[in-house]
Amino acid sequence: MDNAIEYEYAVSTVSTHGESYLSFEFVTDTPLPMSETALTLFDVEGPNSHLAGFDFSLAGEHGGGSGNGADGVVDPTVVGHTADIRVRFDAGGVPWLETMRGDVHVQDYGTFLDDEGELYFAGCSWAPEFGWSESGVLELITGHIYVVEIYNEPNAGDVHYAKLGVVDVDQQAGSVRIMWAYQLVNGLPELSAPDPRDRDGGEQQAIRL
């Protein structure tokens, strides 16, 4: 399936007596690009400040296949950068997410962990309508998922939704490893994405704390 293309499905049953008619109800789904492996963002005040910013739409254009590569990672310190968010560590070693423009909104959607205590990125499947941070600055906490609302062209009503989840934080290196997903379809708040662990038939349950 291709990203940003909506697919419609109908269901029939097959038995020794033949095949049934297609179901009257149909199901729609829209794949969206997401990271295949965690990527690393660094402290904007540290030696790797050029790797502190992230552009969701740029990452989405490449589909996330580059893993921990450069797709989506941008330098938020240069003039004309396209970063939506950046990472900053405070003096106490606490990482913070900062939005880079007034048309980028973010909220901490909570803790999502699987049975093994690891980030359950599929736990957040829909962007909420309300609850956005007024300051645009939130602490990055391991196991939390953050939802992002990005207005690219406010006058035209171009809004896209994204999410990122914190896999872990390395205070010594001044870095944060994240997973991300970006909805290419304008105005669609759906953020569900296939969990790679589900492909093996495993049953993982999200835990909301």
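Bear in mind that the values in this text are calculations on the coordinates, not laboratory data. From a predicted model like this one, the values you see are computed outputs, not experimental measurements. Note: ideal-geometry Cβ built from the backbone for every residue, glycine included; neighbour counts use all protein chains shown.
Is the range 65-152 rounded, prolate or oblate when judged by the Cα gyration tensor, a ≥ b ≥ c being the square roots of its eigenvalues, rounded requiring a/c under 1.5 and prolate requiring a/b larger than b/c?
Verdict is rounded for the range 65-152.
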Under 11 Å from the Cβ of LEU97, count the other residues' Cβ atoms, weight Lys and Arg +1, Asp and Glu -1, and hand me the total.
-2
Spelling it out for TRP96: with amide H atoms placed in the peptide plane at 1.01 Å from N, the residues 5 or more places away or on another chain with amide H under 5 Å from its amide H are ARG88, PHE89, ASP90, LEU140
Net charge (Lys, Arg +1; Asp, Glu -1) of residues whose beta-carbon lies under 15 Å from that of VAL166, VAL166 excluded, is -4
Return the sequence-ordered ³J(HN,Hα) values of the range 117-126 in whole Hz as given by the Karplus equation 6.51 cos²θ - 1.76 cosθ + 1.60 applied to θ = phi - 60°, using x for Gly and Pro.
x, 9, 4, 9, 5, 6, x, 9, 10, 8
Residues whose built amide H sits under 5 Å from the amide H of TYR109, excluding neighbours closer than 5 in sequence, are ILE145, TYR146, VAL147
How much length is gained on full extension from GLU45 to PHE130, taking 0.36 nm per residue of separation minus their Cα-Cα distance?
27.5 nm
